[in-house]
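Below is one structure, written out as structure tokens; the observations come after it.
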Amino acid sequence: MIWGGTKLADFGYVLPSDRTGECWGISAHEKGDCTVRGGRFDGQKLSELWKTRPELFGNPGADEDFPLLIKIIDAQDDLSIQVHPDDAYAAEHENGACGKTECWYVLDAAEGATIVIGHNAKTPEELRSMIAGGRFRELIREIPVKAGDFFQIEPGTVHAIKKGTLLLETQESSDVTYRLYDYDRLQNGVKRPLHIARSLDVIRVPFEEKPIEPTVRNFPEAVLTRYVDCRFYTVYKLDVDGTAEIPLSGMFHTMSVIEGEGFLDGNRIAKGDHMILAAGYGEMHVTGRFAAIVTRV
Ligand code: ZN
């Protein structure tokens, strides 16, 4: 990625270049289908397991695709400013694709780093005229960002990760993105295409900030913080310092270790590991000193 860096090496990954932007940690998307490491399903693609062993995932409908895509993103430069459609718009205009709701847990941010969430236009007319006049710097809503911040990005929200931010993203398994502004940058001598008409179709006006209200559940030696609970996913952060038994319910869970190391039911886990806890797992027994992002659908 033109905006990528080398921080993903801190998670134990071998990087293909010093401009590596994303690790797709848990994905069954056709553009990056993960391979299971270890255990009885070693070597199998997640998409294949999803189709052949539905009971592991709580028996989803036969026509459903694996619903989540979990990424770690290292931005050493500004990403383009984007907006995603909702499911209805994507189904109609993008060959039946899913829309995209996504959320970000900020792992690290450089001093003075910012992030783009929302815009400053009051009406659709104002949005149109600001875009037509190229007044993007005035249009975008840029706010400070620090480690531990959490953002939910609903479809229709203008957003961008900026230079110096490392984060974990949980999203619907979709690739549909409309690029609104790219800072007039050149890639191989040309500007990357913008999608102004589609962006204007889907941007919600005015932008309304919905504050994140985390709820905390304390265990003797662990804390489980729920950041968001929406139609597509529920996202928690699990902090363990010692030993804990965490009850799981519903369909499958994903877990991505973002700091430290420990054991999950006897299996060693460490920063950079991603795993799926099958439906019916029951209670997970964790020990060690680590933090993880846990998601369920
Ligand atoms: Zn996005």
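The values are calculated or read from the model by the stated rules, or taken from the named source; none is laboratory data. No experiment lies behind these values; they were computed from the predicted model shown. Please note: Cβ atoms are built from the backbone with ideal geometry, for glycine as well, and neighbour counts cover all protein chains shown. Remember, those area values only see protein heavy atoms, side chains included, never the ligands or the DNA or RNA. Shrake-Rupley method; radii C 1.70, N 1.55, O 1.52, S 1.80 Å.
Which distance in nm do the two modelled labels at D42 and V216 give, with both placed 7 Å along the Cα-to-Cβ direction?
About 4.2 nm, to one decimal.
Apply the a/c threshold of 1.5 to the C-alpha gyration tensor of region 1-156 and tell me whether it is rounded, prolate or oblate.
oblate
Of all accessible surface on the chain at a 1.4 Å probe, what whole percent is carbon and sulfur?
48
Which Rg and Dmax, in Å, describe the Cα atoms of region 118-267?
Rg and Dmax of region 118-267, Cα atoms, are 19.7, 60 Å.
Kindly rank 206-212, 86-92 from highest to lowest mean number of other beta carbons found within 10 Å of each residue.
Per-residue Cβ counts within 10 Å, averaged per peptide and sorted highest first, yield 86-92, 206-212.
Sorted by accessible area with a 1.4 angstrom probe, largest first, how do L168, L200 fall?
If we order L168, L200 from most to least accessible, we get L200, L168.
Quick check of the Kirkwood formula: for the chain, what is the inverse mean of 1/r over all pairs of different Cα atoms, in Å?
This gives a value of 20.2 Å.
How high is the relative contact order of region 11-82, in percent, with contacts defined as C-alpha pairs under 8 Å that are six or more residues apart?
Contact order relative to length: 38 percent.
How big is the gap, in Å, between the Cα center of region 181-205 and the Cα center of region 143-178?
For region 181-205 versus region 143-178, the Cα centre distance is 17 Å.
Please label the shape of region 215-296 as rounded, prolate or oblate, based on the square roots a ≥ b ≥ c of the eigenvalues of the alpha-carbon gyration tensor (a/c under 1.5 means rounded; beyond that, a/b larger than b/c means prolate, else oblate).
Rounded, because the longest to shortest axis ratio a/c is under 1.5.
Would you mind working out the accessible area per residue for the chain, using a 1.4 Å probe, and quoting it in Å²?
48
Figure the gain on full extension for C230 and E92 (residue separation times 0.36 nm, minus the Cα-Cα span) and round it to one decimal in nm.
Gain on stretching C230 to E92: 47.4 nm.
Under 27 Å between alpha carbons, and skipping anything fewer than 8 positions from K191 in its own chain: which lysines qualify?
Straight-line reach from K191, under 27 Å: K7, K31, K71, K100, K162, K163.
Full-extension gain between I2 and R289, please, as 0.36 nm times their residue separation minus the C-alpha to C-alpha distance.
99.8 nm
So what is the relative contact order for region 215-296, in percent, with contacts set as C-alpha pairs under 8 Å and at least six apart?
Contact order relative to length: 35 percent.
Taking a label point 7 Å from the Cα of I143 along the Cα→Cβ vector, which residues of region 159-200 have an amide N closer than 19 Å to it?
Once the point is set 7 Å along Cα→Cβ of I143, 159-170 turn out to lie under 19 Å by backbone N, inside region 159-200.
Determine the shape class of region 5-68: with a ≥ b ≥ c the square roots of the Cα gyration tensor eigenvalues, call it rounded for a/c under 1.5, and otherwise prolate if a/b is greater than b/c, oblate otherwise.
Note, shape of region 5-68 comes out prolate.
Going by accessible area, probe 1.4 Å, with all protein chains left in place, what is the ranking of W3, W24, largest first?
Order by accessible area, largest first: W24, W3.
Over the Cα atoms of region 83-138, how large are the radius of gyration and the largest Cα-Cα distance (Dmax), in Å?
Cα radius of gyration and Dmax of region 83-138 are 15.6, 42 Å respectively.
Semi-axes of the equivalent ellipsoid for region 39-119, please: Cα gyration tensor eigenvalues, times 5, square-rooted, ordered largest first, whole Å.
31, 21, 10
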